[in-house]
1. Cα gyration tensor of segment A:47-86, axes a ≥ b ≥ c as square roots of the eigenvalues: rounded (a/c below 1.5), prolate (a/b > b/c) or oblate?
2. Under a plain spin-label model, where a point goes 7 Å from the Cα along Cα-to-Cβ, how far apart in nm are B:K22 and A:N54?
3. Starting from 0.36 nm per residue, how many nanometres of slack lie between A:T175 and A:E73 once their C-alpha separation is accounted for?
4. Please give me the summed charge of the neighbours of A:K97: other residues whose Cβ is under 12 Å from its Cβ, Lys and Arg +1, Asp and Glu -1.
5. Which of the residue pairs A:K97/A:K142; A:K142/A:K217; A:K141/A:K191; A:K97/A:K217 have a Cα-Cα distance greater than 20 Å in the structure shown?
6. Take every Cα pair under 8 Å in chain A that's 6+ residues apart, average their separations, divide by the length, and report that relative contact order as a whole percent.
7. Residues in segment A:1-37 near a label at A:K62, defined as backbone nitrogen under 15 Å from the 7 Å Cα→Cβ point?
8. Mind giving me the FRET efficiency for A:S230 and B:Y4? R0 is 51 Å, r the Cβ-Cβ distance, nearest 0.05 is fine.
Amino acid sequence: MDKGLISIGKTAKLLGVSVDTLRRWDTSGKFNSIRIGLRGNRYYRKTDIDLYINDHLAIVRKWAVSNLGYEPEAEHFCKTRDVFQARLEHFQSDLIKNEDSNFASLISAIVGEIGNNSFDHNLGNWPDILGVYFTYSLSQKKIILADRGLGILSTLKRTLPDLNSHKKALKIAFTEIISGRAPENRGNGLKFVRNVVIQNPITLFFQTGNAVLNLDKNNTDVVIEDTDESIRGCMAIIQY
Amino acid sequence: MNLYVVVWLLYNTNYMIINLNKFGTTLVSRPAGKEALLAFNPTLREVKSNEKIEVDFTGVGVLTPSWADEFLTPIFNSFKDRVRFVNTQNSSVIESLKILNLIY
């Protein structure tokens, strides 16, 4: 068989969706398979899978910057924390098959911290769409998380009323133990994320509003940059 | 302290063992950590003054500082040096305990 063809089961794992979803997408023409053999088993081209994944980043970004909120497809969207937990456990069980168990535990822990942060800080205050976009590709070793929440600036303003820019807010979130949920003693989550990223072969892109942070082993300092395209809430891309 | 006393202490110190994997293997969110502590509080109230607490991380696949801060920090603050952590080899366990200053 063509080495560039991948079974439906493996494709489902790589894209983080179910086999049934892939069958539905095939029937609707959204993501076509190649049928092989007497039983017409479904296979997918590696190039199509890679294209789909790259396209997905564009879809998430479009969702995060859109002025009009809308609910994304259920396959990649966690409307509640329970759904996020279930998908995270599924992700962890897939990841551990491909990576060292300790490394997999660290990746899952930072994904868990970032995803749960969205729920912790927006509970009862979501501006339009409740929930977290959580999609990943095990073949490209890439995880995307995004929300249309208040963003870090609005959250920290509750504790630091004079805070006036996304850049300063993002810097504080990754360097100081201050929480937007004072007087609760919180604020360790993103510091933990930073520690794990800079000590391991992991890269992190994190954006809130128009402020962007890139972290990895060679960029350990929290240097925040501006970007032209402002997003609602927060967006993180983790690569390993 | 002579060897005899050390051996005597080892055999005669009572530990309440908390197997964290009984709360799950992906211990991630704050609400889950808070709920775990609330559910476990009646058991913690039974700890005698001469008893110590052993928190066993065997089987924990993923731990975050959020979950740990809701469950372990209050236990550590209440029982201080009577708490010991065992089987902490998992990297997410080590990093979470470090950032909460529960281990160094």
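FYI, it's all coordinate maths here, none of it is from the lab. Note that the structure is predicted; figures quoted are calculated from it, not measured. Ideal geometry is used to build each Cβ from the backbone, glycine not excepted, and the neighbour counts take in all protein chains shown.
1. Taking the square roots of the gyration eigenvalues as a ≥ b ≥ c, segment A:47-86 is oblate.
2. Taking the two extended label points, one gets 5.2 nm.
3. Details: separation 102, 0.36 × 102 = 36.72 nm, distance 3.43 nm.
Between A:T175 and A:E73, full extension yields an extra 33.3 nm.
4. Values: positive: A:K10, A:K13; negative: A:D94, A:E99, A:D100.
So the surrounding residues net to -1.
5. Numbers: A:K97/A:K142 16 Å; A:K142/A:K217 17 Å; A:K141/A:K191 22 Å; A:K97/A:K217 25 Å.
A:K141/A:K191; A:K97/A:K217, as the Cα separations exceed 20 Å there.
6. Values: 391 pairs, mean separation 41.8, N = 240.
Normalised by residue count, the contact order of chain A is 17 percent.
7. A:30-31
8. Working: r = 70 Å, r/R0 = 1.38.
The pair A:S230/B:Y4 has a calculated efficiency of 0.15.
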